[in-house]
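Trainee: I'd like to ask some things about the structure below.
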Amino acid sequence: MTQVTKKKVVKKKKKNHIAKLLLCVFFLGCSAFFVWNILKEGVTTYTLQVDINEAKAQLEALQKENGFLVDEKEKLEDENYVKNHARGEYMITKEGEKIFHLPKIESSDK
């Protein structure tokens, strides 16, 4: 082999080496990009799951409150309940009734 062909072979090997290196860098960059997107989607999924769980807890609390309010509404539609509630809570009396305030009994457990 002559010196000129050896130089051509060496140049060709260098070009192949650079091309392989660039190809590896390209694939490494693509891999890093895809891994980054997967991690970002994982974080987004996690935060959305946390938001869903918080919303479910809030919905459950609101449903309980709604049930209580519906029961209270039904009770307030009953005339006897309203009368008894007003008498007990606001000390409204019937004609001829008297209200006596008794002192609270303190326990001697101390």
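The values are calculated or read from the model by the stated rules, or taken from the named source; none is laboratory data. From a predicted model like this one, the values you see are computed outputs, not experimental measurements. FYI the Cβ positions are ideal-geometry reconstructions off the backbone, even for glycines, and counts take in every protein chain you see.
Trainee: From K56, K14, K75, grab the single residue that is more than 40 Å from the chain's Cα centre (by Cα) and at negative phi.
Mentor: K14
Trainee: Restricting to the range 69-85, name every residue that is surrounded by 10 or more Cβ atoms within 10 Å (Cβ to Cβ) and part of a helix (DSSP H, G or I).
Mentor: L69, V70, D71, E72, E74, K75, L76, Y81, V82, K83, N84, H85
Trainee: Return yes when E106 is free of Cβ contacts under 8 Å to residues at least 60 places away in the same chain and under 37 Å from the mean Cα position of the chain (by Cα) and no when it is not.
Mentor: Values: free of Cβ contacts under 8 Å to residues at least 60 places away in the same chain: yes; under 37 Å from the mean Cα position of the chain (by Cα): no.
It is false that E106 is free of Cβ contacts under 8 Å to residues at least 60 places away in the same chain and under 37 Å from the mean Cα position of the chain (by Cα).
Trainee: Can you say whether N53 is exposed (fewer than 10 other Cβ atoms within 10 Å of the Cβ), part of a helix (DSSP H, G or I) and free of Cβ contacts under 8 Å to residues at least 12 places away in the same chain, as far as the supplied structure shows?
Mentor: no
Quick grid of which residues meet (1) in a helix (DSSP H, G or I); (2) closer than 30 Å to E89 by Cβ; (3) at pLDDT 95 or above:
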site: K12; (1), (2), (3): yes, no, no
site: F27; (1), (2), (3): yes, no, yes
site: T44; (1), (2), (3): yes, no, yes
site: L62; (1), (2), (3): yes, yes, yes
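Trainee: Residues in the range 86-108: is at least one surrounded by 10 or more Cβ atoms within 10 Å (Cβ to Cβ) and assigned to a helix (DSSP H, G or I)?
Mentor: Yes.
Trainee: Given the criterion modelled with pLDDT of 95 or more and on the phi < 0 side of the Ramachandran plot, identify the matching residue among N80, N66.
Mentor: After applying the criteria, what remains is N66.
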